[in-house]
């Protein structure tokens, strides 16, 4: 018997699992594969908290300001490289445009647009899905006062890849930059850039090196030898294409934090249904166990609380049948809020289907959409599965997932 | 009806997200390997058009199943690759493995026969395998790496026939033990301890004269022989399965084969074998949940690192050994979860794969070494025999089956 079973291994699931384990609870995370964190940019978006909190039914309206702050502190304690300032912060996208973000690693924060200086874009040879020409043109446009130069860097680890004409992924490059030899290589390249600029008598003193696939956070000193290399120039990390190095290393880091706290991960297993009985005719039901499909066998896993963190339409938590004849939440078969019209004609406008999800009370317990009654007393819904929000136009995906994950863990 | 299962049976569940390739231990170290997505779902399209690729690239897959547990859409990637290997064997193409490599596949696939030979005179077999000349000859003659950590042979585990008459008769509490070739021929002690542990918790153990589960045969391209072994073993188990007797495995790869492959065999026991097979600790946990596991543990004051074998991860049952061992007072365990050890059965024994296997294991070796240097633990635990051999080979840190800690807590063994 676990204190809680979390279904789903994305950001909300890991947050709930780790926070509950920190509180001394026995927690099991059941997940079919690695979650959507592998597509994470490294940046948490919280969105315009004040206005979103006043939107009727928005997940933020379920929490007070303190709960939202607790989520942010949770991330910063887990990963002290994440910083938040009063001013808005910007980071580079994979294409070299600047995008706003609310909580991001120190190493991703861009300098002020108003300043002047020069960027040197380091281009790792044969890095997959990286387009230096586009990045340069975007950097020039975004930072009119800045010079932009390019320098290629060759990592011999991928020599064989390059000779074959094969590209190396951002995740593989990140592994090099996190190793001792990779850091030495970078340090040499950066030192060379510094000397060149000093030699050329550059008009402005400020130089920053820009590098894709550098993941300088999420080091786990209990499993890896860590080398802290001080580079002679500031280095700015970019986001990367998918599957993203930031996502991969962050997910691994969360997994290790969770298991080191005594949590258990059951990967490769799919939660299929639940068993429970009503407490009484009028009261909400209590879930006793979930049914999980493991290899060759069905497992019945018992817990006091269950946290549903399976994601939404894109994450696989909500299934849609052909011609939308069927739409259902995949594990608990919870009722869903589904808008009349699913889409609007403007592609980048807020799309109604984004609002599809489970409605809950303030304790994140699922509600019956007709009568507004709590269905399951000990089931809590977190992350993308919640109804009435749009992570894309409201830019609050990370914020809602972390806040709801933390809040659910506090109730366990 | 389960929509998802219907979907995953089809190739279209693959969304081309590439996470499997990002996590594939082989793709990381071998640029010639197209990765699970390329070799599995992508090439499956061509294979459906009867374009049958050669066996050599397919052979680079180590069958660790990391791609399958990684896939967020439940695509059976390794299964596709294995199917393709099966087809490539039969296919009329010109890129067949050389005679030497086919001969090696024949030998490495037969861990069982090697075991039977090895245990005839274990001392001599072990001495011979330590001779540089012998290892050189194996390398040159069979492309079996000179540096690979071939496991030593020991006193074999004895077969224990069912003397109690019909299955499920007089003894209500009995189990079938499927020891696997490694336990049977290389580490009989683990099997004997396991039988004592089961006896301590009130179960009588039967060890029928099983053949190899078939996994090493499949991994070395001997598909027909693997299937024959499966059918033979299932027939031996059938009366017990019908009487509801559980089948216990202590080797994680045998366990996976029984749960994943045997249910697909055309035999009467196939419908039951998946649900009735338990990893040892999975079985013990289920007893504990029913409050039937004796908790008469003595304190074991020790700290361990734990490596979760890929083929246990692929069973989708979590880490039951940690759940059980953490019930023992004094035991502290950290699950390193630092990826595949690289050996993958016999993969790392192959001459052209040895270096890659060691590179694959590097993050795990580093995690073990860092843990020991920090004083987090002094010893490693893992269920899989060859993972154990590889960890010791890569780190020199003593590594054992977690069963031994349980046996110590039950006062069955001293050390």
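Nothing in this text is a laboratory measurement; each read-out follows from the coordinates by a stated rule. Keep in mind the model is a prediction, meaning the values are calculated, not measured. Counting neighbours? That spans all protein chains shown, and the Cβs are built from the backbone with ideal geometry, glycine included.
Semi-axes of region B:206-334's equivalent ellipsoid from the Cα gyration tensor, sqrt of 5 times each eigenvalue, largest first, rounded to whole Å?
30, 18, 11
Distance from the Cα centre of region A:57-95 to that of region B:338-352, in angstrom?
When both Cα centres are located, 42 Å separates them.
Working only with C-alpha atoms, what are the Rg and Dmax values of region B:166-257, expressed in angstrom?
Rg and Dmax of region B:166-257, Cα atoms, are 13.6, 43 Å.
Distance from the Cα centre of region A:148-185 to that of region B:222-250, in angstrom?
Taking the Cα centre of each part, region A:148-185 and region B:222-250 sit 49 Å apart.
What do you get for the angle between helix A:397-411 and the principal long axis of chain A? Use alpha-carbon atoms, 0 to 90 degrees, nearest ten.
With rounding to tens, the tilt is 50 degrees.
How big is the C-alpha Rg of region B:55-138 next to the rule-of-thumb value 2.2 N^0.38 Å, as a ratio?
Relative to the rule-of-thumb radius for its length, region B:55-138 sits at 1.47.
Contour minus end-to-end for residue A:76 and residue A:156, with contour as 0.36 nm per residue of separation and end-to-end as the Cα-Cα distance?
25.3 nm
Can you pull the Kirkwood radius for region B:311-364, inverse mean 1/r over Cα pairs, to one decimal in Å?
13.1 Å
Once the Cα gyration tensor of region A:255-358 is diagonalised, what are the square roots of 5 times its eigenvalues, in whole Å and ordered largest first, as equivalent ellipsoid semi-axes?
Here the semi-axes work out to 30, 20, 14 Å.
Measuring from the lowest to the highest alpha carbon on each principal axis, how far does the protein assembly as shown reach, largest first, in angstroms?
85, 75, 58
Over its Cα atoms, what ratio of radius of gyration to 2.2 N^0.38 Å does region B:293-409 give?
1.08
Please compute the average number of Cβ atoms from other chains found within 10 Å of each residue's Cβ in peptide B:68-78.
Neighbouring Cβ atoms belonging to other protein chains average 4 per residue here.
With an 8 Å Cα cut-off and a minimum separation of 6 or more residues, compute the relative contact order for region A:94-238 in percent.
Relative contact order, region A:94-238: 32 percent.
With angles folded into 0 to 90 degrees, how steeply does helix B:99-109 sit against the dominant principal axis of chain B? Use alpha carbons for both and round to 10.
Approximately 20 degrees, to the nearest 10.
Compute and list, largest first, the equivalent-ellipsoid semi-axes of region A:239-282 from the alpha carbon gyration tensor, each √(5λ) rounded to a whole angstrom.
35, 16, 11
Taking region A:94-238, how much of its Cα-Cα pair set, in percent, is spaced more than 18 angstrom apart?
58 percent
State whether region B:262-357 is rounded, prolate or oblate according to the following rule on the C-alpha gyration tensor (a ≥ b ≥ c being the square roots of its eigenvalues): a/c under 1.5 gives rounded; otherwise a/b larger than b/c gives prolate, and the remaining case gives oblate.
It comes out oblate by the Cα gyration axes.
What average count of beta carbons from other chains do you get within 10 Å of the Cβ of residues in B:23-34?
Across the residues of B:23-34, the mean count of other-chain Cβ atoms within 10 Å is 3.
If N is the number of residues in region A:171-317, what value comes out of its Cα radius of gyration divided by 2.2 N^0.38 Å?
Dividing the Cα radius of gyration by 2.2 N^0.38 Å gives 1.64.
What ranking, highest mean first, results for peptides A:4-15, B:290-301 when packing means the other Cβ atoms within 10 Å averaged over each residue?
Per-residue mean Cβ counts within 10 Å order the peptides as A:4-15, B:290-301.
Compute the Cα gyration tensor for chain A, then decide on rounded, prolate or oblate, letting a ≥ b ≥ c be the square roots of its eigenvalues: rounded whenever a/c is under 1.5, prolate when a/b is larger than b/c in the other cases, and oblate in all that remain.
Cα axes put chain A in the prolate bin.
Show that you can apply the helix-only estimate: for chain A, add -39,500 (n - 2.57) for every DSSP H stretch of four or more residues, divide by all residues, and state [θ] at 222 nm to the nearest 500.
After summing the helix terms and dividing by the residues of chain A, the value is -8000 deg cm²/dmol.
Ignore the peptide's own chain and count Cβ atoms of other chains within 10 Å of each Cβ in B:11-21; give me the average, rounded.
That average works out to 3.
Using only the Cα atoms of chain B, build the gyration tensor, take square roots of its eigenvalues as a ≥ b ≥ c, and label the shape rounded, prolate or oblate: rounded if a/c is under 1.5, else prolate if a/b is larger than b/c, else oblate.
rounded
Using only Cα atoms, tell me the angle between helix A:180-199 and the longest principal axis of chain A; keep it within 0 to 90° and round to the nearest 10.
With rounding to tens, the tilt is 50 degrees.
Pairs of alpha-carbon atoms within less than 8 angstrom and 6+ residues apart define the contacts here; what relative contact order does chain A have, in percent?
Contact order relative to length: 24 percent.
Place the peptides B:129-141, B:332-344 in order of packing, highest mean first, counting for every residue the other Cβ atoms within 10 Å and averaging per peptide.
Put in order of decreasing packing, that is B:332-344, B:129-141.
Taking the mean number of other Cβ atoms within 10 Å as a proxy for protection, how do you rank A:33-42, A:50-59, A:401-410 from highest to lowest?
A:401-410, A:33-42, A:50-59
Kirkwood hydrodynamic radius (Cα pairs, Å) of region A:357-412?
With all distinct Cα pairs of region A:357-412 included, I get 11.6 Å.
Between residue B:379 and residue A:282, what is the label-point separation in nm under the 7 Å Cα-to-beta-carbon projection?
6.0 nm
Given bins 10 angstrom wide, list per bin the percent of all Cα-Cα distances in region B:3-90, short to long.
Final binned percentages: 18, 53, 27, 2.
Round to a whole angstrom and tell me the spacing of the C-alpha centers of region B:357-374 and region A:291-317.
Taking the Cα centre of region A:291-317 as reference, the centre of region B:357-374 is 32 Å away.
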